[in-house]
Amino acid sequence: DAGITQSPRHKVTETGTPVTLRCHQTENHRYMYWYRQDPGHGLRLIHYSYGVKDTDKGEVSDGYSVSRSKTEDFLLTLESATSSQTSVYFCAISSGGAWTEAFFGQGTRLTVV
Amino acid sequence: TQLLEQSPQFLSIQEGENLTVYCNSSSVFSSLQWYRQEPGEGPVLLVTVVTGGEVKKLKRLTFQFGDARKDSSLHITAAQPGDTGLYLCAGHPPGQGAQKLVFGQGTRLTINP
C-alpha cells in the first residue's frame, strides 16, 4: 500500500471554527490532491499541489485553503467551517504523468454542527 | 455541471447478469482512468486507457476508450457480489494543467446474490 496517511480520521466541529486536515505521504510523490466526497457528486477536487509551495484551485475551492511547506505534507484548512462543508475528505498522491496512478488515503469524515 | 458525466448513477442487478456503465465528456482527454471504491476506503485504480478505440480486459471487466477520446465504458460480464462498489472514472482536463485530476460522480453498483 502507498504510504499515505490522513489525520484525523473523524472530526466533529462547530460552525465558525477553523479546522485543519493533514495528509502525510512517505512516497516522495510530487503531486498531492484534496477531494471532498458527497452523495451524488463523486469526488470533487478542492485544491491540488504540484510541488512544495506550489498549489492551485480545483472545482470547489471556496472556503478552503491549503499549504505545502514540505514534500510529504499537504494541509487543508477550513477557515470558518460551515454545515455545507460536512463531508468525507480524501487526500491523494501521484508521481506525475497523465496516466500515472493516484493513490488515496482512507479519508477524513468531518461533521460541522 | 461535471466535466465527466457517468451513467447510470445507480445500478442494482442480479448475480450472473452483464452490465455496462458509461463515462462521457464533451472534451477530449489524453487518457481516462477507472477506479473502484469500497465503503470506508479510498478509490483504487482499475485501469488507464490512453489510445482512442483501446480495449483493455481485466478478468470479467472490459474497458473501452472511445475513438474520439471523449468517452469510456466499463462492461462487466457475469457480475458477482464481489463486484459491488462505487465505480469512478477520472481524467486530466485538457488545457487546465497537466496534473489536475477530476472525477465523475460515480456509478454505485450493487450485485444481489
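The values are calculated or read from the model by the stated rules, or taken from the named source; none is laboratory data. Everything quoted here is computed from the prediction, not taken from an experiment. For neighbour counting, all protein chains shown are included, and Cβ atoms are generated from backbone atoms with ideal geometry for every residue, glycine included. Ligands, DNA and RNA are stripped out before the accessible areas are found, and what is left, the full protein with its side chains, is counted by its heavy atoms. Shrake-Rupley method; radii C 1.70, N 1.55, O 1.52, S 1.80 Å.
Worth pointing out:
- Counting only protein chain heavy atoms and rolling a 1.4 Å probe, the accessible areas of A:62, A:56, A:73 rank, largest first, as A:62, A:56, A:73.
- The protein assembly as shown: C-alpha gyration tensor shape, a/c 1.5 cut-off, then a/b vs b/c: prolate
- Shape analysis of region A:10-51 places it in the oblate category; the axes a ≥ b ≥ c from the Cα gyration tensor give an a/c of at least 1.5, with a/b not above b/c.
- Rounded Å value of the spacing that divides the Cα centres of region A:35-61 and region B:34-71: 21
- Contact residues in region A:11-59 (at least 20 Å² less accessible area with all protein chains than alone, 1.4 Å probe): A:31, A:33, A:35, A:37, A:40, A:41, A:42, A:43, A:45, A:48, A:59.
- Counting only DSSP beta bridges with both residues in the protein assembly as shown, the antiparallel share comes to about 90 percent.
- Residue B:13 accessible area, assembled protein chains, probe 1.4 Å, Å²: 20
- Gaussian network model of chain A, springs between alpha carbon atoms under 10 Å - residue of A:76, A:21, A:43 with greatest fluctuation: A:43
- Accessible surface calculations at 1.4 Å, restricted to protein heavy atoms, place chain A at 46 Å² per residue.
- For region B:42-102: rounded, prolate or oblate by the Cα gyration tensor [a/c cutoff 1.5]: oblate
- Selected from B:73, B:31, B:12 as most flexible by GNM, with chain B as the system and alpha-carbon contacts under 10 Å: B:12
- Rg/Rh, computed from the Cα trace of region A:4-112 with Rh as the Kirkwood radius, has the value 0.94.
- Cα-centre dipole for region A:4-112 with unit charges at Cβ (Lys and Arg positive, Asp and Glu negative), debye to 20: 160
- Dipole magnitude of the protein assembly as shown, debye to nearest 20 (Cβ charges: Lys/Arg +1, Asp/Glu -1, about Cα centre): 220
- Area hidden from solvent between A and B (accessible, protein heavy atoms only, 1.4 Å, total, Å²): 1900
- DSSP beta bridges fully contained in region A:4-112 are about 90 percent antiparallel.
- Here the Gaussian network model covers chain A, with springs between Cα atoms less than 10 Å apart; of A:30, A:22, A:68, A:30 fluctuates the most.
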